[in-house]
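**Student:** Dumping the structure here so I can ask a few things about it.
The values are calculated or read from the model by the stated rules, or taken from the named source; none is laboratory data. Computed from a predicted model, the values in this text were never measured in an experiment. Note that we place each Cβ from the backbone using ideal geometry, even for glycine, and neighbour counts take in every protein chain shown. The accessibility values were calculated without ligands, DNA or RNA, using every heavy atom of the protein model including side chains. Shrake-Rupley method; radii C 1.70, N 1.55, O 1.52, S 1.80 Å.
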Amino acid sequence: MEPFIFFSYGLTKSGSTLAFQLARAALERAGFPQPVPVVPGLVVSRSINAIEHVSEAQAEALLDAVRRLGHPVVLKTHTRPDPAVARLIEAGHARAHAILRDPRDVALSMLDHGRRSRANGKPAFSEIGTLADAVAGIDNQLVTAAAWMALPGVRRLTYDRLAFDTGAAAADILDHLGLAGDPRTIATEVLESCFTQFNKGVRDRHLEEMDAATSASLAARYAAFLALLAESTDPPRSAPLHAPVDIPARQT
């Protein structure tokens, strides 16, 4: 199989770790081990191949490492694609998918994480104390999502498909990677034995956990993004994914 880099990008709190693990398991089951790439400063996690920014020198070293390995390597990220990453994808040396979720549910999950972190004295998401905090983060992330989706060949995968039809999501990932495999076996392996940062795993939780006025305000703010989620084909790349609609302050 040709060597290429596979960037597993996702909005935070959107099943991105699950998507990464499905891609990793698919590659490993096909006989392609997933070592940590020998690129100084690239991988920022001790547990998975997670990355942030990629410099020109790191991109060259990464491509060399993958070519020496002789098969694809998957990397997880929440970070906007650097120019070096964009060039890898545009040149056909890399592929990517983008994991997306209803921003209202993302906001609720961010607030959950913030409460847990403050209670346990941990830094991750501890700054997310109000809905306005979450919305500011989501606005920024949608700019990042738009940057990924503007790149050629980037496939969309939704949280709902990942969380509630994981076998079908695994089949999508196998197809994107160009691999044969049993998607149900891969899904079962990941769900039963891999770290996936599982939170509540509730579909459309905003329907029960968010008041109607707040939900409507967010639906207006993110109307373009919600339309994108509902479409089966990719929309025009230039459309903004959020609008400056006021957010009620009472949701915390």
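**Student:** Using DSSP, restrict attention to beta bridges with both residues in the chain and report what percent are antiparallel, rounded to the nearest 5. Present the calculation step by step, with values, prior to reporting the outcome.
**Tutor:** Working: 1 of 17 bridges.
Percent antiparallel among DSSP bridges in the chain is about 5.
**Student:** Right, something else. What's the local net charge at Glu2, with K and R +1, D and E -1, over the other residues with C-beta under 13 Å away?
**Tutor:** Numbers: positive: Arg67, Arg95; negative: none.
Around Glu2, the charge tally is +2.
**Student:** Where both partners of a DSSP beta bridge lie in segment 1-133, what percent of those bridges are antiparallel, to the nearest 5?
**Tutor:** On the way: 1 of 13 bridges.
The antiparallel fraction comes to roughly 10 percent.
**Student:** Further question on the same structure: If amide hydrogens are placed 1.01 Å from N in the peptide plane, which non-local residues have theirs closer than 5 Å to the one on Ala50?
**Tutor:** The answer is Val44, Ser45, Lys76.
**Student:** Please work out the ratio of the alpha-carbon Rg of the chain to 2.2 N^0.38 Å and round it to two decimals. Could the numbers behind the result be given before it?
**Tutor:** Details: Rg = 18.1 Å, N = 252, 2.2 N^0.38 = 18.0 Å.
Cα Rg divided by the expected 2.2 N^0.38 Å: 1.00.
**Student:** If you stretched the chain out fully between Arg115 and Glu208, how much longer would it get, using 0.36 nm times the residue separation minus the C-alpha to C-alpha distance? Working shown, then result.
**Tutor:** On the way: separation 93, 0.36 × 93 = 33.48 nm, distance 1.89 nm.
Length gained between Arg115 and Glu208: 31.6 nm.
**Student:** From the square roots a ≥ b ≥ c of the eigenvalues of the alpha-carbon gyration tensor of segment 1-99, which class results: rounded (a/c under 1.5), prolate (a/b over b/c), or oblate? Provide the component values of the computation, followed by the final result.
**Tutor:** Working: a/c = 1.38, a/b = 1.05, b/c = 1.31.
Because its axes are fairly even, with a/c under 1.5, segment 1-99 counts as rounded.
**Student:** Determine ³J(HN,Hα), in whole Hz, for all residues of segment 55-69 in sequence, where each value follows from phi through the Karplus function 6.51 cos²θ - 1.76 cosθ + 1.60 and θ = phi - 60°; x replaces Gly and Pro.
**Tutor:** Once θ is set to phi - 60°, the couplings for segment 55-69 become 7, 4, 5, 5, 4, 5, 5, 5, 4, 4, 5, 5, 5, 5, 5 Hz.
**Student:** A follow-up question, please. Just flag the GluC sites (Glu not before Pro) in segment 2-64 sitting in loop per DSSP whose Cβ has no more than 16 other Cβ atoms within 10 Å.
**Tutor:** On the way: sites: Glu28, Glu52, Glu56, Glu60; in loops: Glu52.
The qualifying sites are Glu52.
**Student:** Going by alpha carbons, how many degrees (0 to 90, nearest 10) lie between the helix axis of 166-177 and the longest principal axis of the chain?
**Tutor:** It works out to around 50 degrees.
**Student:** OK, next. Over the chain, with a Gaussian network built from C-alpha contacts below 10 Å, which listed residue (Arg68, Arg29, Arg87) shows the highest mean-square fluctuation?
**Tutor:** Checking each option, the largest mean-square fluctuation is seen for Arg68.
**Student:** Suppose every K and R has +1 on its Cβ and every D and E has -1 on its Cβ; what is the size of the dipole of the chain about the Cα centre, in Debye to the nearest 20? The partial results should precede the final answer.
**Tutor:** Numbers: 26 positive and 28 negative charges, 80 e Å.
So the magnitude is around 380 debye.
**Student:** Further question: What is the sum of charges around Ala23, taking Lys and Arg as +1, Asp and Glu as -1, for the other residues whose C-beta is under 12 Å from the C-beta of Ala23?
**Tutor:** Details: positive: Arg24, Arg29, Lys76, Arg95, Arg155; negative: Glu28, Asp172, Asp175.
Taking every Cβ under 12 Å from that of Ala23, the sum is +2.
**Student:** Please report the spacing between the Cα centers of segment 1-26 and segment 143-185 in Å, no decimals.
**Tutor:** Using only Cα atoms, the two centres lie 8 Å from each other.
**Student:** To continue, here is another question. Using a Gaussian network model of the chain with C-alpha springs under 10 Å, which one of Ser126, Ser117, Ser193 is most mobile by mean-square fluctuation?
**Tutor:** Ser193
**Student:** Can you give me the long-range amide H partners of Phe6? Hydrogens built in the peptide plane at 1.01 Å from N, cutoff under 5 Å, separation of 5 or more residues or another chain.
**Tutor:** Sorted by chain and number, the residues that satisfy this are Val73, Val74, Leu75, Arg95.
**Student:** So for each of 155-165, 103-113 I average, over its residues, the number of other beta carbons within 10 Å; can you give me the resulting order with the highest mean first? Let's see the in-between values first.
**Tutor:** On the way: 155-165: 19.6, 103-113: 23.2.
Sorting 155-165, 103-113 by mean packing, highest first, produces 103-113, 155-165.
**Student:** Could you check how much of the accessible area of segment 93-145 is carbon and sulfur, as a whole percent, using a 1.4 Å probe?
**Tutor:** Numbers: 1050 of 1920 Å².
Carbon-and-sulfur percentage of accessible area, whole number: 55.
**Student:** In the Gaussian network model of the chain, springs joining C-alpha atoms below 10 Å, which of Ala65, Ala50, Ala91 carries the largest mean-square fluctuation?
**Tutor:** Highest fluctuation among the options: Ala91.
**Student:** Relative contact order for segment 64-151: what percent, with Cα pairs under 8 Å and sequence separation of 6 or more?
**Tutor:** Once divided by the residue count of segment 64-151, the mean separation gives 30 percent.
**Student:** Further question on the same structure: Which net charge results when you count Lys and Arg as +1 and Asp and Glu as -1 among the other residues whose beta-carbon is under 13 Å from that of Ala61?
**Tutor:** On the way: positive: Arg67, Arg68; negative: Glu56, Glu60, Asp64.
Neighbour charge sum, excluding Ala61 itself: -1.
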